Amino acid sequence: MLDAWYAEFADPTTIALARQQPSISQTTAEVVIGKDDRIQVNNTTAYPWRTICSLIMTARDGSRWIGTGWLVGPRTVITAGHCVYMHRHGGWAKSIEVIPGRNGSRRPYGSCIATSFRSVKGWTRKKRRSHDYGAIILPRNCAYGNRLGYFGYANLSHFSLLGLTVNLSGYPGDKPRGTQWWHARRIKWVTSRRLVYNIDTAGGQSGAPVWRLRNGKRHVVGIHTNGSASGNSATRIAKPVFKNIKKWKHV
């Protein structure tokens, strides 16, 4: 399966080629920049890796896609907007299977099927890259966050973000299926709604957390969405994003 980025931004020919030749998918969605420095997370039952979720999305038209999300509350998983709402495939996803701490064929915490989602009008109506974020609301009997913990998140200033070393971990489609991979580098460019970095990623990592580690505490500052040879990028947790995550956290 391909990253949900293709559901939104790729033409049918590119999608067909990417399905036939996986290497093509890494040149358009998310990118390994230079040498591939990603490191596999072997113990996905340790914090914070267990709070990072492999996603399998089923769109309204029946097509299936992959992505990444992260727990931010008892039943709330944050991800990219294009993972929950696919304009060219019927809008809101029909369902998303959420698999926290997945490690290949092993699912240490099982999985849950979600059918309740959130995003913002800037994404669902206007398809703005700057508003590419959303949330998955898990069923009440699937409060993973109470068992596994969850990430903090922060709205940092431009100057605090520029040059900050950040971490990114998720489920890339170019590695063995269902394995989690991590990498870290500095943020090289900051706008009012975007973060750009040279962290290596690949299709399947849309929605992954981009977080800082300081004094033993982890705060997500961006939601990974896409990339190019000049840099991969995230939706910045700016003030409006922070407010929406706070609202969705305890739905």
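Points worth noting:
- Entry for semi-axes √(5λ) of the Cα gyration tensor in Å (calculated from the structure that is shown) out of (i) 22, 21, 19; (ii) 31, 25, 14; (iii) 32, 20, 18: (i)
- Here the Gaussian network model covers the chain, with springs between Cα atoms less than 10 Å apart; of 110, 62, 216, 216 fluctuates the most.
- Residue 121-residue 97 pseudo-label distance in nm [points 7 Å out on the Cα-to-Cβ vector]: 3.6 nm
- Within the shell defined by Cβ-Cβ distances under 10 Å, the residues around residue 120 carry a net charge of +4, with Lys and Arg each +1 and Asp and Glu each -1.
- Applying a 4.7 Å Cβ-Cβ cutoff to the chain leaves 53, 83 as cysteine residues with no disulfide-compatible partner.
- Distance between segment 80-137 and segment 209-232 - C-alpha centres, whole angstrom: 18 Å
- Trypsin sites (Lys or Arg not before Pro) lying in DSSP loop within segment 92-143, provided at most 12 other Cβ fall within 10 Å: 125, 126, 140
- Across the chain, Cα pairs under 8 Å and at least six residues apart give a relative contact order of 25 percent.
Here, each number is a calculation from the coordinates, and none is a lab measurement. Values in this document were obtained by computation on a predicted structure and should not be read as measured data. With ideal geometry, Cβ positions are generated from the backbone for all residues, glycine too; neighbour counts draw on all protein chains shown.
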